[in-house]
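Asker: My structure is below; once you've seen it, I'll send some questions.
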Amino acid sequence: MTELWLAAFVFIASHFGISSTPLRAVLVGAMGERPYQGVYSLIALVAIAWLCVAYNQAPPGPVLWWFGELGPLLSIVLMPLALLLVVLGVAQPNPSSVGAEHLLEQEADHAIGIFRVTRHPVMWGIGLWALSHLVANGELRSVIFFAAFAVLALAGTLALDARKRRSAPLAYEAFAGATSNVPLAAVFGGRQSLALAIGEIGWRLPLAAVVLYGGLLHLHLWLFNASPYPL
């Protein structure tokens with residue numbers, strides 16, 4: 001359990017402690033942008049691998065909460081939304097992602113498709129996955145594991161916004177003003193249209209997300225040694 005705590009700390013600190021602090025500029029200045037991205041990606045990969053190994057090896061620990069059938073049912077309901085956000089966010093070039101400042105400079109309006117819903121779809125998808133699994137798994141081991149992803153994803157949206165405002169203040173401010181971090185906030189605020197977003201997204205990518213969800217649900221027990229259904 002101690003190793004799991006340490007792995008979770010390193011997993012979070014390796015992201016926020018490097019990419020969201022002045023250390024990033026120092027490293028980029030010393031080695032260049034592309035070498036830095038390579039080293040940073042390697043560190044992130046090692047950190048997530050260590051976290052997964054530590055999770056598998058740790059004892060379950062005490063049960064902090066248990067909501068009966070509600071936990072797994074909530075996860076089953078929320079996971080299609082999480083996967084949809086991830087699939088759409090990966091499929092469409094994201095102006096708010098790392099190293100994508102050039103996208104803001106090429107065109108005036110990037111608030112199309114899923115970005116009318118949230119400008120951080122992948123991060124919110126990961127966060128929704130983590131939060132839904134936190135509700136369904138209340139033993140200490142799972143709480144540490146999924147909380148680490150939830151913190152990284154949801155706090156990461158704020159860190160990305162802050163970094164983009166420093167690197168491309170004018171262009172990103174226009175993009176941020178037309179979108180929202182919290183999903184649907186810009187729609188409810190009258191700055192975006194959900195109907196336009198649905199029309200621009202189309203049906204192919206949502207269908208792919210549904211197929212992916214069905215596969216993961218069906219293979220969940222085999223892949224992760226845990227049934228997704230209420231027991």
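Asker: Taking the beta-carbon count within 10 Å as an exposure proxy, list L219, L205 from fewest neighbours to most.
Answerer: L219, L205
Asker: Read through the labelled values (i) 8, 33, 36, 20, 3, 0; (ii) 7, 31, 31, 22, 8, 1; (iii) 7, 28, 34, 24, 7, 0 and report the label of the one computed as P(r) over Cα pairs in 10 Å bins from 0, in percent from the structure.
Answerer: (iii)
Asker: Okay, moving on. Fewest to most neighbouring Cβ within 10 Å: what's the order for S75, S14, S227?
Answerer: Lowest to highest Cβ neighbour count: S227, S14, S75.
Asker: Rounding to the nearest 20 debye, state how big the charge dipole of the chain is about its Cα centre with +1 on each Lys and Arg Cβ and -1 on each Asp and Glu Cβ.
Answerer: The calculated dipole for the chain is roughly 160 debye.
Asker: Quick check on the exposure proxy: order H218, H120, H133 from fewest to most C-beta atoms within 10 angstrom. Display every interim value, and only then the final one.
Answerer: Values: H218 11, H120 28, H133 25.
Sorted ascending by nearby Cβ count, the order is H218, H133, H120.
Asker: Would you mind calculating the gained length between L194 and Q57 on full extension (0.36 nm times residue separation, minus the Cα-Cα distance), in nm to one decimal?
Answerer: Between L194 and Q57, full extension yields an extra 44.9 nm.
Asker: Using only alpha carbon pairs under 8 Å that are at least six residues apart, calculate the relative contact order of the chain and give it in whole percent. Don't jump to the answer; show the numbers that get you there.
Answerer: On the way: 283 pairs, mean separation 62.8, N = 231.
It rounds to 27 percent for the chain.
Asker: Using the Karplus curve 6.51 cos²θ - 1.76 cosθ + 1.60 with θ = phi - 60°, work out ³J(HN,Hα) for each residue of the stretch 150-162 in order, rounded to whole Hz, and write x for Gly and Pro.
Answerer: 5, 4, 4, 6, 6, 5, x, 4, 5, 5, 5, 4, 5
Asker: Short version: ³J(HN,Hα) in whole Hz for each residue of the stretch 28-45, in order, from phi by Karplus 6.51 cos²θ - 1.76 cosθ + 1.60 (θ = phi - 60°), x for Gly and Pro, what are they?
Answerer: 5, x, 7, 10, x, 5, 5, x, 4, 4, x, 5, 5, 4, 5, 4, 5, 5
Read the figures in this text as sums done on the coordinates, not as results from a lab. Source: prediction; values computed, not measured. Cβ: placed from backbone, ideal geometry, glycine included. Neighbour counts: every protein chain shown.
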